[in-house]
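What follows is calculated from the coordinates using simple rules that are stated; it is not laboratory data. All values reported here derive from a predicted model rather than from experimental measurement. FYI the Cβ positions are ideal-geometry reconstructions off the backbone, even for glycines, and counts take in every protein chain you see.
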Amino acid sequence: MERPLKLFGGSCNRELTEDIARSLGVPLGQANLGRFADSEVSFQITENVRGADVFVVQPTAPPVNETLMELLVMIDAFKRASASRITAVLPYYGYARQDRKDRPRVPISAKLVADLLSTAGTSRAITMDLHVGQIQGFFNIPVDHIFAAPVMLEYVTSLHLPRLCIVSPDAGGVERARAYAKRLNVALAVIDKRRGGNNEVETIHVIGDVAGKTALLVDDIVDSAGTLVKAVDALRDAGAQRVLACCTHPVLSGPAIERLEASPIEKLIVSNTIPLRPEASRCRKIHVLSVASLLGNAILSVHDETSVSKLFV
């Protein structure tokens, strides 16, 4: 007997969950999600999910601790309601930047979150543009890691940017930037940054020729935008005629919007894995692309037990 596909969503990005449901042609699952008086998560499934193939969409976006705990409580409820399989769909995987011990006496919280998801009852995970690909190895369950690149590349191609050069904002992002440069058949440059403290960059150098070109910075996350605007300034100083950027996860915390508005950056292309803050949605430099169909295709492939490799870049 075929397991029915059931799609549920947390409170973090309801609009994306609804878009995914429309792309799949399935209704959203019925449940009551709220808070007790002391702010604890309250959740009850109001339809039968016994034997169902359940997909729970919840990016662990700010407030990260709230959205993560909400996801864990929901997964526990589906496990206790006898769902056949529970897949956590995390368009944005929080705590991913703490993926190793790069300093003494620090946690590897990317591994901790993976363990929490498994312990809660997650059977499988679908993620998008992890900060580093090796986080997949932190899970003891299957992980489908998909990329926003097809959506980004389609839009960038439509812009017909002259003398385009793809730029990696750091050494760790070279693989991602190289994939873009290869698909677009353009040159590649790298930003060499020397970081001071948390979210502080000391010095920046451009490795590669960007003079007279249109530079497109490619990253997975823009948080406070401090690194981004410094990279934009460095590219302009190196002779870049125009500077744009694209990122999958627009965290855009703190002074990010003010920094973008004051920067000579022409456009920041982002996906809707994370809902924009009101001030970010009003910023004319930010252009949002939907990844709902990509995630919907991944969900359908997992449900039908077919290959998701066609979604990889």
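The set of residues in the stretch 257-267 that are in contact with a strand residue (DSSP E or B) (Cβ under 7 Å, 6 or more places away or on another chain) and either of a type in the set (Val, Ile, Thr) or assigned to a helix (DSSP H, G or I) (or both) comprises Leu260, Ile265. Taking into account only those residues within the stretch 145-188 that are surrounded by 20 or more Cβ atoms within 10 Å (Cβ to Cβ) and free of Cβ contacts under 8 Å to residues at least 40 places away in the same chain, which is farthest from Ala211 (Cα to Cα)? Residue satisfying both the conditions and the ranking: Tyr180.
If you go through the stretch 59-111 and pick out every residue that is among the β-branched types (Val, Ile, Thr), within 19 Å of Val143 (Cα to Cα) and free of Cβ contacts under 8 Å to residues at least 40 places away in the same chain, you end up with 2.
Tell me which residues, restricted to the stretch 258-290, are within 19 Å of Ala231 (Cα to Cα), within 19 Å of the chain's Cα centre (by Cα), of a type in the set (A, V, I, L, M) and surrounded by fewer than 20 Cβ atoms within 10 Å (Cβ to Cβ). Of everything in the stretch 258-290, just one residue is within 19 Å of Ala231 (Cα to Cα), within 19 Å of the chain's Cα centre (by Cα), of a type in the set (A, V, I, L, M) and surrounded by fewer than 20 Cβ atoms within 10 Å (Cβ to Cβ), namely Ile286.
Among the residues of the stretch 181-196, is any under 19 Å from the mean Cα position of the chain (by Cα), of a type outside the set (Lys, Arg) and not in a loop (DSSP other than H, G, I, E, B)? So far as the stretch 181-196 goes, no, none of its residues is under 19 Å from the mean Cα position of the chain (by Cα), of a type outside the set (Lys, Arg) and not in a loop (DSSP other than H, G, I, E, B).
The set of residues from the stretch 208-248 being charged (D, E, K, R), part of a strand (DSSP E or B) and surrounded by 20 or more Cβ atoms within 10 Å (Cβ to Cβ) comprises Asp219, Asp220. The set of residues in the stretch 268-304 being among the aliphatic types (A, V, I, L, M) and not in a helix (DSSP H, G or I) consists of Leu268, Ile269, Val270, Ile274, Leu276, Ile286, Val288, Leu289, Val291. Against the list (1) in a helix (DSSP H, G or I); (2) of a type in the set (Val, Ile, Thr); (3) farther than 18 Å from Ser118 by Cβ, the condition Val49 fails is (1).
Matching residues to (1) aliphatic (A, V, I, L, M); (2) in contact with a strand residue (DSSP E or B) (Cβ under 8 Å, 6 or more places away or on another chain); (3) assigned to a helix (DSSP H, G or I); (4) over 20 Å from Thr248 (Cβ atoms):
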| site | (1), (2), (3), (4) |
| --- | --- |
| Thr60 | no, yes, no, no |
| Leu68 | yes, no, yes, no |
| Tyr95 | no, no, no, no |
| Arg100 | no, no, no, yes |
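The set of residues from the stretch 255-313 being among the hydroxyl-bearing types (Ser, Thr, Tyr), free of Cβ contacts under 8 Å to residues at least 40 places away in the same chain and closer than 30 Å to Asp237 by Cα comprises Ser263, Ser281.
The test for being on the phi > 0 side of the Ramachandran plot and either acidic (Asp, Glu) or not in a helix (DSSP H, G or I) (or both) does not hold for Ser11.
If the condition is being crowded, with 17+ Cβ neighbours inside 10 Å and either closer than 13 Å to Leu16 by Cβ or in contact with a helix residue (DSSP H, G or I) (Cβ under 9 Å, 6 or more places away or on another chain) (or both), then the stretch 291-302 contributes Val291, Ala292, Leu294, Leu295, Gly296, Asn297, Ala298, Ile299, Leu300, Ser301.
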